[in-house]
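FYI, it's all coordinate maths here, none of it is from the lab. For clarity, every value in this text was computed on a predicted model and none was experimentally measured. Because the Cβ atoms are built from the backbone with ideal geometry, glycine has one as well, and the counts that use them run over all protein chains shown.
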């Protein structure tokens, strides 16, 4: 029985931290997945990075100045507090509460079926709203095209989801699913439909926006993001980077599993004594 409890503890420990070595955990404050562009060096290449503003929390410490990070240099942390669930969160539903849970969000409608999880199930959310990210202690992530400049483009700048894996397994209809929407909930990316064909988020040249991101299970999500645009002088411009999101399980779930194993062990021990 002691061995079972130890094993469960080790499993919970593995789930609670990234399953890969990384020097940096981004856990709060503002940062953009950004398309850097230097036409003097390579006019057909976007260098896709995380551009973190001053005050963004990296390894538990606020940055004193803005900094850029390659996708392999850090991990997005999605905490247990971000699990808002696909439930109806309105004052009318939670009768008697003047302030409904989850800042009043209602993810129970069919609008959010693209997330790939059923109504009533868990759903981790990174909000597009700064106040929400402060309330829940999550990163505030944008998509940024400021370095492109506002003029000279014949298209929008498109942030496309082009690869995906959950806990190291290739893209599939099972396991954790990742999706993104506009602040009003309109779908832009989702992995549950089995296709990348329509996974595109348009950003105006020289600007940035803040999507909502959704995750259906605790674990490690690896997403390849390709940024594309068409310049009137240089033609097609693109670049790709892979980013990792670590979704942390509910803090009580592992404790309950360990407690259950302990109770089961005690019951078996007493049963053996009674039988003997």
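Overview of values
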| quantity | calculated |
| --- | --- |
| Packing-based order for 54-64, 210-220, using average beta carbon neighbours within 10 Å, highest first | 210-220, 54-64 |
| FRET efficiency, residue 167 to residue 53 (Cβ-Cβ, R0 22 Å, nearest 0.05) | 0.15 |
| Percentage relative contact order, region 21-251, counting C-alpha pairs under 8 Å, at least six apart | 25 percent |
| Full-extension gain in nm, residue 240 to residue 121, via 0.36 nm per residue minus C-alpha separation | 39.6 nm |
| Part-to-part distance (alpha-carbon centres) for region 204-224 and region 63-88, which is given in Å | 9 Å |
| Net lengthening on full extension, residue 232/residue 197 (0.36 nm per residue, minus Cα-Cα) | 10.1 nm |
